[in-house]
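The values are calculated or read from the model by the stated rules, or taken from the named source; none is laboratory data. None of these values were measured; they are calculated from a predicted model. Here the Cβ is made from the backbone with ideal geometry for all residues, glycine too, and neighbour counts use every protein chain on show. Ligands, DNA and RNA are excluded from the accessible area calculation, which covers all protein heavy atoms including side chains. Shrake-Rupley method; radii C 1.70, N 1.55, O 1.52, S 1.80 Å.
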Amino acid sequence: MTWEERWHPLREEWVIVAAHRQDRPWSGSTINKSAPVLPPYVSDCYLCPGNTRVSGAINPQYNQTYVFDNDHPCVSLAAPSDLETPPSLYQNRSARGVARVVCYSPKHNLTLAELNVDQIQQLLHVWEEQYVELGRLPEIKHVLIFENKGEVVGVSNPHPHCQIYATNFIFKTIETEARVSRHYLDQTGRVLFQDIIAAEQKAGIRIIAENDLAIAFVPYFARYAYEVLVAPKWQRRSLDTLSSIEVRDFASVLKEVLVRFDNLWKMPFPYVMALHQAPTDGGDYSGFHFHIEFHPPLRKPDLLKFLAGPEIGGGNFLSDTSPEEKAAELRAQSNVHYKESMK
Ligand SMILES: [Zn+2]
Ligand SMILES: [Zn+2]
């Protein structure tokens, strides 16, 4: 039984770990785990090759990845700029930025977990290109690349894709990570994330996948049951600073994590995945260490982690599971995707 509070060094906040509550009686809503079997092409999918999108644009017959400007952008270089000035202390400004969509594959039914390591590596190059291209724009301070996967995180179209928000501000979590990493470097002369990796390697029990140049683990301070961080072992601020062998090793560790996720309950595992790369505002980010964060919303195959009083009302997480137990579950999974082994 794990019942304690753990310090989250990247967010500078406490996480309450109360794993003894995991089996408390539950009579609320559950999620139906059965996922529909999808065809490789759907004629009314706005992401499939050759189809017409809401904007009238027609998708090309792409055969690997496909990047386009979001037809419903939340930030845009064309956002209204003649804004009404709000009264008193309130502030506003133009919602400027670039929002894009990246399709992982022309196949409607091929998830990230099912791409092979070469294809994942190719996708990492696309992410790198987007980060560099958008980050270079003078107004863009940060490029957030993320994937929402599964209906439980609100994704209506299952065609595998991620989104890019390149914004005129730095997203809050990245800003916090950048600030605490800077502070840690100033105080200790060391890189915070390097010390986290070293601590995880020393403990060993939460590591999900590892090779020469990359590592993935459920962090000691996980807020979500199956939270996983994937990182290069050497300190790299962003994807464009990884060597080609580092990208290869990173893709391979990423693939293993995704496969273990899907194998856990033999279903496409829902998550919010975010790339945490250094801001592009020209600041000094020498203490920043690129990583990918997975925040899976499910605690059990049919049970969502609800964000409620502690998380929304108070701003700190209450975890009903122990990171060590959840890591053990993931470690016990095969690294061959269940769909592959059924063939
Ligand atoms: Zn599609
Ligand atoms: Zn992070």
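Below are the figures for this structure:
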read-out: Listed peptides 276-284, 247-255 by packing density, highest first (mean Cβ within 10 Å); value: 247-255, 276-284
read-out: For the stretch 329-343, 3J(HN,Hα) per residue [Karplus equation, 6.51 cos²θ - 1.76 cosθ + 1.60, θ = phi - 60°, Hz, x = Gly/Pro]; value: 4, 5, 5, 6, 6, 5, 9, 10, 4, 4, 5, 5, 6, 7, 5
read-out: Quarter of the Cα convex hull surface for the stretch 275-321, i.e. its orientation-mean projected area (nm²); value: 5.2
read-out: Distance in nm between pseudo-label sites at Glu325 and His125 (7 Å out along the Cβ direction from Cα); value: 4.4
read-out: Label-point separation in nm, Tyr62 to Asp302, each point 7 Å along Cα→Cβ; value: 3.7
read-out: Net length gained if the chain between Lys343 and Thr52 were fully extended (0.36 nm per residue, minus Cα distance); value: 101.4 nm
read-out: Approximate spin-label separation Asp82-Trp3, in nm, with each point projected 7 Å along Cα-to-Cβ; value: 6.4
read-out: Sites Ser243 and Ser43 - FRET efficiency at Förster radius 35 Å, r taken between beta-carbons, to 0.05; value: 0.25
read-out: Cysteines without a disulfide-compatible neighbour (Cβ-Cβ under 4.7 Å), the chain; value: Cys74, Cys103, Cys162
read-out: Cα-based reach from Lys305 at 16 Å (exclusive), listing lysines while leaving out same-chain residues under 8 positions away; value: Lys33, Lys149, Lys326
read-out: Cross-link table Lys107/Lys339; Lys172/Lys233; Lys172/Lys300, entries beyond 23 Å C-alpha to C-alpha; value: Lys172/Lys233; Lys172/Lys300
read-out: Cα pair distances in the chain, grouped into 20 Å bins until the bin that holds the longest one, percent each; value: 28, 60, 12, 0
read-out: Percent carbon-and-sulfur accessible area, the chain, ignoring ligands, DNA and RNA, probe 1.4 Å; value: 52
